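Below is one structure, written out as structure tokens, with a few remarks after it.
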Amino acid sequence: MSGSSCTFEDRCVAVLCCRFCRQVLSSRGMKAVLLADTDTDLYSTDIPPSGTVDFIGSCYFTEICKCKLKNIACLKCGNIVGYHVISPCKPCLLSCNNGHFWMFHSQAVFGINRLDPSGVNVLLWGNLPDLEESTDEDTSCISEEEYIR
């Protein structure tokens, strides 16, 4: 994972919002591709979303790999928005990955690029503080422009 193709510092940080109800689900999203199927676009985050999603249904495995997964649903509207990798399989762990285990379907969420503290440039993953997932403010029903400020 030390090769230049496995660095993620230059990726944009996105605010992830539910497509169904526009609830902000995470402020630490990254555009990603599914390791087991690189034709599948999605978003991911490194910190469990707090107070915005919850597990739904039973754990399952895909046909492509042996990762153990469980769906997550938006707490505001109840729609399934992605899944959590409960237990990654060895091939996925050994492949070039960003270390994120909270995945969001691009059909269920949209991303808004965050701006850095200057308010001018897009915030890059390499400049993002390690732990900053916020739970103390209600960010639903705000405009995209207001949020990225």
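I'd like the Karplus ³J(HN,Hα) series for the stretch 108-125: coefficients 6.51, -1.76, 1.60, θ = phi - 60°, whole numbers in Hz, and an x wherever there's a Gly or Pro.
Couplings: 10, 9, 10, x, 10, 4, 7, 9, 6, x, 6, x, 10, 9, 5, 6, 9, 4 Hz.
Suppose R0 equals 30 Å. What FRET efficiency, 1/(1 + (r/R0)^6) with r the Cβ-Cβ distance, do N121 and D41 give to the nearest 0.05?
Given R0 = 30 Å and the Cβ-Cβ separation, E is 0.80.
Just by accessible area at a 1.4 angstrom probe, what is the order of R28, R114, R11 from largest to smallest?
Of R28, R114, R11, the descending order of accessible area is R11, R114, R28.
For the stretch 13-127, what % of the accessible area comes from carbon and sulfur atoms, probe 1.4 Å?
Solvent-exposed carbon and sulfur of the stretch 13-127 make up 53 percent of the total.
Spelling out what I want: for every residue of the stretch 73-78, take phi, set θ = phi - 60°, compute 6.51 cos²θ - 1.76 cosθ + 1.60 (Karplus), and round to whole Hz; glycine and proline get x.
Computed from phi, the couplings for the stretch 73-78 are 10, 5, 6, 7, 10, x Hz.
Could you give the C-alpha radius of gyration of the stretch 13-127 expressed as a fraction of 2.2 N^0.38 Å, taking N as the number of residues it contains? Kindly include the intermediate steps, with their values, before the conclusion.
Details: Rg = 14.2 Å, N = 115, 2.2 N^0.38 = 13.4 Å.
Dividing the Cα radius of gyration by 2.2 N^0.38 Å gives 1.06.
The values are calculated or read from the model by the stated rules, or taken from the named source; none is laboratory data. Just so we're clear, the structure is a prediction, and the values are computed from it rather than from any experiment. Note: ideal-geometry Cβ built from the backbone for every residue, glycine included; neighbour counts use all protein chains shown. Protein only, heavy atoms only, side chains kept; ligands, DNA and RNA dropped before computing areas. Shrake-Rupley method; radii C 1.70, N 1.55, O 1.52, S 1.80 Å.
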